[in-house]
Amino acid sequence: MGEEASRVVMITGGSRGIGRATAYAFAEEGARLVLAHYDPDETAAEETLAVLKSRGIAAESHRVDVSSYPVVTALLNDILDRFGRIDVLVNNAGITRDKILVRMSEEEWDAVIQVNLKSVFNCTQAVLKPMLKQRSGCIVSLSSVVAERGNFGQGNYAASKAGVLGFTRSVAREVASRAIRVNAVAPGFIETDMTAVLPEKVKESFIEQIPLGRMGHPEDVANAVYWLCSDKAAYLTGQVIHVNGGMYM
Ligand code: NAI
């Protein structure tokens, strides 16, 4: 399917931050967008939908917990009933529960693994069946610089994001013969709600480690995700693109 022919694109965590910027990137080509989020309320999702609507884009948003297997199965069945296909999945939903390991609770470990890793399994498995039939599709999952270099207080998060990389490479091998490409993007330190909560001192110490000298914008990451799902990246699968201002090389 050509890029002009209105691809069906699902983005988890699409209400704000990197997911929202990614939705706007796909809006440029006139994609049909299905966004999922699990914010406490609909404020951010409604803002995103309003911007998309003003750009003439058919988009819908669902407040669902993508770490739940039955919830994801039901959502994807509904999407397939109505659209008949799915062309792109962006596994972007993510959370942090930072704590040094000796203080980390079992709940903090489980929550991060469930949302950041189990959701990637849930959504990827659900889209693969139709993609295998179509013999086309693109899947991009959000990892992190922390998967490669670790981070103080993020044992759970780093494990989940390193898990995404191993998963990406394995699934890429399984489905390449059906022309389905599976890749990951590993952002560095990006200006979103996720990093807004960090103390100023911590932010400054991160910025000192970034050769390009600034935090990334959500659009910096969205552009890489979008490019990976374009024909320009037709020969890439099982790869991880680092978008981090040089923080990790
Ligand atoms: P954010 O906190 O601004 O947005 C997170 C999104 O995920 C929201 O839409 C939220 O509703 C959704 N979400 C959370 N739990 C969910 C669940 N159980 N089910 C469905 N949706 C859920 O985050 P941001 O910064 O935009 O991050 C997006 C992705 O990029 C995440 O996977 C994050 O780990 C990753 N990332 C972010 C970095 C940063 O510096 N902001 C750096 C590296 C990776």
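General observations
- Extending 7 Å from Cα along the Cβ direction at Ser54 and again at Tyr235 yields two label points whose distance is 4.1 nm.
- The gain in end-to-end length when the His217 to Glu28 segment is fully stretched comes to 66.2 nm, 0.36 nm per residue minus the alpha carbon separation.
- Counting only alpha carbon atoms, the long axis of helix 43-54 and the longest principal axis of the chain meet at about 40°.
- Length gained on full extension, Glu46 to Asp193: 51.3 nm, using 0.36 nm per residue less the C-alpha separation.
- For the residue pairs Lys161/Lys232; Lys133/Lys232; Lys99/Lys201, the C-alpha atoms sit more than 19 angstrom apart in Lys161/Lys232; Lys133/Lys232.
- Compared with the dominant principal axis of the Cα atoms in the chain, helix 17-27 is inclined by about 30°.
- Across every direction, the projection of the convex hull enclosing the Cα atoms of the chain has a mean area of 13.0 nm².
- If the segment from Leu80 to Ser205 were pulled out straight at 0.36 nm per residue, it would be longer than the present Cα-Cα gap by 40.4 nm.
- Taken per residue, the accessible surface of the chain reaches 47 Å², heavy atoms only and a 1.4 Å probe.
- As a calculated quantity, the FRET efficiency between Gln134 and Asp39 at R0 = 25 Å, using C-beta atoms, amounts to about 0.20.
- With both labels modelled 7 Å from their Cα along Cα-to-Cβ, the Ile100 to Ser68 distance reads 3.7 nm.
- Relative to the longest principal axis of the Cα atoms of the chain, the long axis of helix 119-134 makes an angle of roughly 30 degrees.
- Solvent-accessible area assigned to carbon and sulfur over the chain amounts to 54 percent, based on a 1.4 Å probe.
The values are calculated or read from the model by the stated rules, or taken from the named source; none is laboratory data. What you see is a predicted model; the values in this text were computed from it and never measured. Cβ sites come from the backbone with ideal geometry, for glycine too, and all protein chains shown count toward neighbours. For accessibility, only protein heavy atoms count, side chains too; no ligands or nucleic acids. Shrake-Rupley method; radii C 1.70, N 1.55, O 1.52, S 1.80 Å.
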